[in-house]
Amino acid sequence: MNIGELWRKLHYLVNRGKLQRELADELEAHRAEMGDRAPSFGSALKLREDTNDAWGFGWFDRLWQDVHYGARILRKSPGFTLTAVAILALGIGLNVTAFGFFDALALRPLNIKDPDSVVRLLRAAPGSSADNASYPAFDFYRRNNVVFSSMWAVSGGELLLDSGAKVRARFISPEFFNEMGGVPLLGRYLGPSDAPGSVVLSHRFWLRQFGGDSAAVGKKIRLNRSTAVVVGVAPSNFISVEPENLDVWIPLADHALYTPGSKIFTDTGMMALRLYGRLAPGISRKAAEDGLRPIVEQYRKEAPQDVWKDEWTPLQPGGYAVALDSHAPPVLLIVGTLLLLVLAAACANLGNLMLARGAMRAREMSIRGAAGASRGRIVRQLLTESLMLAILGAVAAFPLSWVALRLFVVLNDAPDSIDFTPDWRVVLFAITMALTAALLFGLAPALQTSKPSVKRASRIRMVLIAAQVAISCILVILSGLMTRGLERALTLRPGFSFEQSANIYLDLGTAGIRGAAARLFLDGFRARIAQTPGVESVALSLLPPLGNRFSSMGHAIGFLMMHQVDENYFNTMQIPILRGRGGVAKDPNTNIVIGEGVAHKRWPNDSPLGKEFPDRDGTRHWIVVGVAGDAPTVGLGDNDTMEVYRPITDAEMADAIVVVRTANISMALGTLEKVANPVESSIIARVVPMREGFENQMRTGRMAVMSITALGAVALLVAIVGLAGLISYSVTQRTREIGIRMALGARPAEAIRVGFAQLTKPVLIGMLSGLGAAAGLAQTLRFTLFGVSTVDPIAYISAIALFLSLVGLAAIAPLRRATRVDPASALRHD
Amino acid sequence: MPESLGVPPGTLAMLILQVLRGGPLHGYVIAQRIHALSKEVLQVEEGSLYPALQKMLMKGWVTAEWGISETNRKVRFYKLTPLGKKQLAAEATEYDRATAAIQSVMRTA
């Protein structure tokens, strides 16, 4: 077909009505010319169809016909249509929601200046990696690199108002606002020349603190007992790298203003900044990584002890809310799989419905066949109907997913500025889902309906039933496993006590208090805390229990969690000393206490007391002086905990956390906060109950369990309804057979057997494959199971029991009907 | 008079193109002309004439324009395009070859 022809066709398609009228006029003239002789036009309709074919849109007409006819059919049975659309809306809606979420966070660039050229700098070396870097490193890279057109740094912080309310702050280097782009709502943004004490407020903080006062610029606020001046307010849709609901932006240069004595600009070991760069034009991410290697080597001369061997800076896309690395988290995959499974279950269920409807439409089909419709034409008609259902379902899915996304945003305090409106990718995804669904639930029934075959019908039905059973088994088992895991996490004695305890964060290092000075400060601080009413015990640790600091150490027997603690730690955390003593403080460089797990692994048949324990490279040997009970204070779900405790040294004092156990934390919290923050002190102490950390660790798990349980419930419900319908169907079909059997003296049990006859095989097959698939999928969920086995019999057996009892329940009504069949009327019944 | 025949399948477009060589004609005259030139053997069915004309319009072999017929009726005149001339030449050659081939089979076999 050449271009001219294509144009003519388009022209015809658009002007169809006019052209048809013209043709009619032409035929009229022709008829008139013929005078009294009979014209041989044949049917006017046929002529029009032939002409349309010549114009090349016979297919269009036929599609239109199919759609028209389909709409009539769907309107005629509103019950079926509504059910089908609801099932599809649910199945597609779940997937569209999840994809919309993923799209907004990981696929859609942030609305900042040229987001694709923004990268985040990480640190990596063989065996080590970190997200943060020090200010001296940042400054060195910024001055010496040739691969970025600009670099900036961001550091998070929590400040306190005089009222004690917490303020979420971000310290930023001068380039930040210019690189994000956009204009402030009021005043100006921060730049390279700000008077000390300048801050920019976020929209929400401005509303909260200043009531949306348009004269807020120039007003003062007190942050960490220092006075700051508002120079600008960001608009509500302001978005930056690492989107987050923030309160204020503060120049990095003012760090010491809010943290007196801050050494952030000089301390090469203080990894407090997250670094960003904008790739210079024409430089790829890979080229930039290579270009930075020599810079890192040069920087080593400035800070030999703070650059790892073979350190380099991997670059991550920075212009997205979530950076999608090549190693996508397995959670993403498993969530996607489960959601698609739910849609598949919905399709299988709908397929059964379509099949049953097809059987009812047998008469209509045979009439259409007799009238000359080819099988292909009938299949196309039926598929058009399926497609219309799927598209209606997809359309209905959008409001559903909008509600779900809003709910998520509200529940999780997601940044207001992230745009969750569906874009073309989401729409395309929904269309793909609808098309796939239509084929999944429509093709087999359409083939069957267009040319009925009893054998094929029962085979299709079996496959569909087995698929539904398998999918609901998978989801129910997984949700059972995760519920067991959560239960275990909640009830398990973790080996230490945290309910009435708190961590006090001091950040002495940031304030420039280090070494012996830090020890001196902490001695006084501990004494004050210990005298506070309600406090039972106080200790020091480098790792906050249930906080989010880690320090693991590779070792011959696996990864060890290394704790640096003082002599009171075991008592404060109530970790039992099983053997030896807990007094690690004596002779800090040689004595350690090991956890029971380590003892079992290293000396399975021997007492570890007095044994030498080498560190990673074998250059240093510690003497084991005690064995403590296993206490996974950092990773609660970790079943193979391997803890090692060594005394905290003066050099580490600056980063120490004060651990407090009280009689009742909710009562003691207020007093603790007051005692920890005396008016004359320049150190800001944050008291965080461990319960908060515990809740945080549990939240993710609880959310996951809730979502999988909800999915499982949906799939189960759909499957049970489908099965019940099928039992009812087979009973109805065999009423006559049952009647005859009863007349010949069969017991009711015989009738029940007939009712179930068709189901046993697909249910069994579905269940077995569901069990297998669940066991496989559970492997990837291990980390949320808190030590529950992936083939935990209780979860599996209870899932099967639940499933079977629901099937039984659903089967009661039709089976009662079967056992009450009256032989005489059954035989009379057609 | 012997019964008229329908146009052999596949040749209608060629016949229409051929009679249009003399100049623009409207539908009724095209049918008349084919009928007369075939010594009243070939009868063009109107039911296939108009779809064929539409298809030829689409292919760009002819163009159409409204005009007034000798009997003073508003009719559509079809006119051969250069593309149509080329098509006619191609189809005529094909047709001659096929006819010659068929005839040689009919005579010798």
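The values are calculated or read from the model by the stated rules, or taken from the named source; none is laboratory data. Not measured: the values here are computed from a predicted model. All Cβ positions, even for glycine, are placed from backbone atoms using ideal geometry, and neighbour counts span all protein chains on display.
State whether the residues of the range A:513-520 include one that is of a type outside the set (Lys, Arg), crowded, with 19+ Cβ neighbours inside 10 Å and within 41 Å of the chain's Cα centre (by Cα). Spell out how you get there, then give the answer.
First, the residues of the range A:513-520 that are of a type outside the set (Lys, Arg): A:513, A:515-518, A:520.
Applying the additional criterion that residues be crowded, with 19+ Cβ neighbours inside 10 Å yields A:513, A:518.
Subset that is within 41 Å of the chain's Cα centre (by Cα): A:513.
Yes: the range A:513-520 contains one or more residues that are of a type outside the set (Lys, Arg), crowded, with 19+ Cβ neighbours inside 10 Å and within 41 Å of the chain's Cα centre (by Cα).
Write out, first by first residue and then by second, each pair whose Cβ atoms fall under 8 Å of each other, whose residues are 6+ apart or on separate chains, and whose first residue, in the range A:9-34, is within 13 Å of B:Ser69 (Cα to Cα) and free of Cβ contacts under 8 Å to residues at least 40 places away in the same chain while the second is surrounded by fewer than 13 Cβ atoms within 10 Å (Cβ to Cβ) and polar (S, T, N, Q).
A:Ala32/B:Thr71; A:Glu33/B:Thr71
With the requirement that a residue be part of a helix (DSSP H, G or I) and crowded, with 19+ Cβ neighbours inside 10 Å, what does the range A:133-181 give you?
Our first condition is that a residue be part of a helix (DSSP H, G or I); within the range A:133-181, this holds for A:135-144, A:176-180.
Across the range A:133-181, the qualifying residues are A:Tyr135, A:Pro136, A:Ala137, A:Phe138, A:Phe140, A:Tyr141, A:Phe176, A:Phe177, A:Glu179, A:Met180.
Could you pull out the residue among A:Tyr320, A:Tyr276 that is of a type outside the set (Val, Ile, Thr), touching a Gly at 6+ places or on another chain (Cβ under 6 Å) and in contact (Cβ under 8 Å) with a residue 24 or more places away in the chain? Don't jump to the end; show me each part of the working.
On the way: A:Tyr320 fails: touching a Gly at 6+ places or on another chain (Cβ under 6 Å).
Sole residue among the options that is of a type outside the set (Val, Ile, Thr), touching a Gly at 6+ places or on another chain (Cβ under 6 Å) and in contact (Cβ under 8 Å) with a residue 24 or more places away in the chain: A:Tyr276.
Among the residues of the range A:661-699, what is the count of those that are assigned to a helix (DSSP H, G or I), over 20 Å from A:Phe496 (Cβ atoms) and either without any contact (Cβ under 8 Å) to a residue 12 or more places away in the chain or not assigned by TED's automatic domain parsing to the domain that holds A:Val634 (or both)?
3
Is it true that A:Asp507 is among the acidic types (Asp, Glu) and at positive phi? Steps first, please.
Numbers: among the acidic types (Asp, Glu): yes; at positive phi: yes.
The answer is yes for A:Asp507.
A:Asp325 versus (1) modelled with pLDDT under 85; (2) of a type in the set (Asp, Glu); (3) surrounded by 18 or more Cβ atoms within 10 Å (Cβ to Cβ): which is the lone unmet condition?
With (1) modelled with pLDDT under 85; (2) of a type in the set (Asp, Glu); (3) surrounded by 18 or more Cβ atoms within 10 Å (Cβ to Cβ) applied to A:Asp325, the lone miss is (3).
Which of the residues spanning the range B:50-97 are of a type in the set (Val, Ile, Thr), facing another protein chain (nearest Cβ under 9 Å) and either over 18 Å from B:Ala31 (Cβ atoms) or in a strand (DSSP E or B) (or both)?
Looking only at the range B:50-97, we keep the residues that are of a type in the set (Val, Ile, Thr), and these are B:62-63, B:68, B:71, B:75, B:81, B:93.
If we keep only those that are facing another protein chain (nearest Cβ under 9 Å) as well, we get B:71, B:75.
Once the filter is applied, which keeps residues that are of a type in the set (Val, Ile, Thr), facing another protein chain (nearest Cβ under 9 Å) and either over 18 Å from B:Ala31 (Cβ atoms) or in a strand (DSSP E or B) (or both), the range B:50-97 yields only B:Val75.
Can you work out which of the residues in the range A:372-428 that are basic (Lys, Arg) and closer than 30 Å to A:Met706 by Cβ is farthest from the chain's Cα centre (by Cα)?
Pass one, the range A:372-428, residues basic (Lys, Arg): A:375, A:377, A:380, A:406, A:425.
So of that shortlist, the ones also closer than 30 Å to A:Met706 by Cβ come out as A:406, A:425.
Values: A:Arg406: 15, A:Arg425: 18 Å.
Step by step, filter the range A:372-428, then rank; the result is A:Arg425.
Given the structure, is A:Ala38 closer than 25 Å to B:Val29 by Cβ, at pLDDT below 70 and either more than 12 Å from chain B (Cβ to nearest Cβ) or outside any helix (DSSP H, G or I) (or both)?
So A:Ala38 fits the description; yes.
So for the range A:793-808 (the condition being buried (at least 17 other Cβ atoms within 10 Å of the Cβ) and in contact with an Asp or Glu (Cβ under 8 Å, 6 or more places away or on another chain)), does at least one residue qualify?
no
Tally the residues that are of a type in the set (Ser, Thr, Tyr) and closer than 10 Å to A:Ala628 by Cβ, restricting the search to the range A:589-605.
So the first thing to find is which residues in the range A:589-605 are of a type in the set (Ser, Thr, Tyr), and the list is A:590.
Checking which are closer than 10 Å to A:Ala628 by Cβ leaves us with none.
Of the residues in that region, 0 qualify.
What is the residue count in the range A:734-789 for residues that are assigned to a loop (DSSP other than H, G, I, E, B) and among the β-branched types (Val, Ile, Thr)? Step through it out loud before you land on a result.
Residues of the range A:734-789 that are assigned to a loop (DSSP other than H, G, I, E, B), as a first pass: A:734, A:744-747, A:758-759, A:781, A:785-789.
Adding the requirement that they be among the β-branched types (Val, Ile, Thr) leaves A:788.
Qualifying residue count for the region: 1.
So that you can scan it fast, the table gives a plain yes or no per residue for (1) on the phi > 0 side of the Ramachandran plot; (2) assigned to a strand (DSSP E or B); (3) in contact with a strand residue (DSSP E or B) (Cβ under 9 Å, 6 or more places away or on another chain):
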position	(1), (2), (3)
A:Pro196	no, no, yes
A:Ser214	no, no, yes
A:Ala228	no, yes, yes
A:Ser240	no, no, yes
A:Pro243	no, no, no
A:Asp254	no, no, yes
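Tell me which residues, restricted to the range A:368-402, are polar (S, T, N, Q) and either part of a helix (DSSP H, G or I) or not assigned by TED's automatic domain parsing to the domain that holds A:Ala446 (or both).
To start, the set of residues in the range A:368-402 that are polar (S, T, N, Q) comprises A:374, A:381, A:384, A:386, A:401.
Across the range A:368-402, the qualifying residues are A:Gln381, A:Thr384, A:Ser386, A:Ser401.
Can you confirm whether A:Ala130 is surrounded by fewer than 15 Cβ atoms within 10 Å (Cβ to Cβ) and in contact with a strand residue (DSSP E or B) (Cβ under 6 Å, 6 or more places away or on another chain)? Outline the logic, then answer.
Values: surrounded by fewer than 15 Cβ atoms within 10 Å (Cβ to Cβ): yes; in contact with a strand residue (DSSP E or B) (Cβ under 6 Å, 6 or more places away or on another chain): yes.
Yes, satisfied.
Yes/no matrix, rows are residues, columns are (1) over 30 Å from A:Ser789 (Cβ atoms); (2) touching a helix residue (DSSP H, G or I) at 6+ places or on another chain (Cβ under 9 Å); (3) among the small types (Gly, Ala, Ser); (4) in the same structural domain as A:Arg377 (by TED's automatic domain parsing):
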| site | (1), (2), (3), (4) |
| --- | --- |
| A:Pro422 | yes, yes, no, yes |
| A:Leu440 | yes, yes, no, yes |
| A:Leu447 | yes, yes, no, yes |
| A:Ser450 | yes, yes, yes, yes |
| A:Arg459 | yes, no, no, yes |
| A:Val469 | no, yes, no, yes |
| A:Ser472 | no, yes, yes, yes |
| A:Leu478 | no, yes, no, yes |
| A:Met482 | no, yes, no, yes |
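Kindly indicate whether any position in the range A:362-369 is hydrophobic (A, V, I, L, M, F, W, C), more than 24 Å from A:Ala104 (Cα to Cα) and surrounded by 16 or more Cβ atoms within 10 Å (Cβ to Cβ). Steps first, please.
Initially, the range A:362-369 is screened for residues hydrophobic (A, V, I, L, M, F, W, C), giving A:362, A:365, A:367.
So of that shortlist, the ones also more than 24 Å from A:Ala104 (Cα to Cα) come out as A:362, A:365, A:367.
After this cut, where a residue has to be surrounded by 16 or more Cβ atoms within 10 Å (Cβ to Cβ) as well, the list is A:365.
Yes: the range A:362-369 contains one or more residues that are hydrophobic (A, V, I, L, M, F, W, C), more than 24 Å from A:Ala104 (Cα to Cα) and surrounded by 16 or more Cβ atoms within 10 Å (Cβ to Cβ).
With respect to the numbered conditions (1) surrounded by 15 or more Cβ atoms within 10 Å (Cβ to Cβ); (2) at positive phi, which one is the sole condition not fulfilled by B:Ser48?
So B:Ser48 meets the others, but not (2).
Being loosely packed, with under 15 Cβ neighbours inside 10 Å and within 11 Å of chain A (Cβ to nearest Cβ), is that true of even one residue in the range B:26-37?
Here is the first cut: in the range B:26-37, the ones loosely packed, with under 15 Cβ neighbours inside 10 Å are B:36-37.
With the extra rule that they be within 11 Å of chain A (Cβ to nearest Cβ), the set shrinks to none.
So far as the range B:26-37 goes, no, none of its residues is loosely packed, with under 15 Cβ neighbours inside 10 Å and within 11 Å of chain A (Cβ to nearest Cβ).
Please work out if A:Pro136 is farther than 30 Å from A:Arg300 by Cβ and not assigned by TED's automatic domain parsing to the domain that holds A:Leu339. Steps first, please.
Details: farther than 30 Å from A:Arg300 by Cβ: no; not assigned by TED's automatic domain parsing to the domain that holds A:Leu339: yes.
For A:Pro136, the condition - farther than 30 Å from A:Arg300 by Cβ and not assigned by TED's automatic domain parsing to the domain that holds A:Leu339 - is not met.
Considering only the range A:640-660, how many residues are assigned to a loop (DSSP other than H, G, I, E, B) and buried (at least 16 other Cβ atoms within 10 Å of the Cβ)? Reasoning before the result, please.
Of all residues in the range A:640-660, those assigned to a loop (DSSP other than H, G, I, E, B) come to A:640-642, A:648-649, A:656.
Adding the requirement that they be buried (at least 16 other Cβ atoms within 10 Å of the Cβ) leaves A:641-642, A:648, A:656.
Final tally of qualifying residues: 4.
Here are some residues: A:Ala527, A:Ala502. Which one is outside any helix (DSSP H, G or I) and under 24 Å from A:Met667 (Cβ atoms)?
Working: A:Ala527 fails: outside any helix (DSSP H, G or I).
So the residue among A:Ala527, A:Ala502 that is outside any helix (DSSP H, G or I) and under 24 Å from A:Met667 (Cβ atoms) is A:Ala502.
Of B:Gly10, B:Gly84, B:Gly6, which residue is closer than 24 Å to B:Ala98 by Cα and surrounded by 20 or more Cβ atoms within 10 Å (Cβ to Cβ)? Even if it seems obvious, please write down each step before you answer.
Numbers: B:Gly10 fails: surrounded by 20 or more Cβ atoms within 10 Å (Cβ to Cβ); B:Gly6 fails: surrounded by 20 or more Cβ atoms within 10 Å (Cβ to Cβ).
The match here is B:Gly84.
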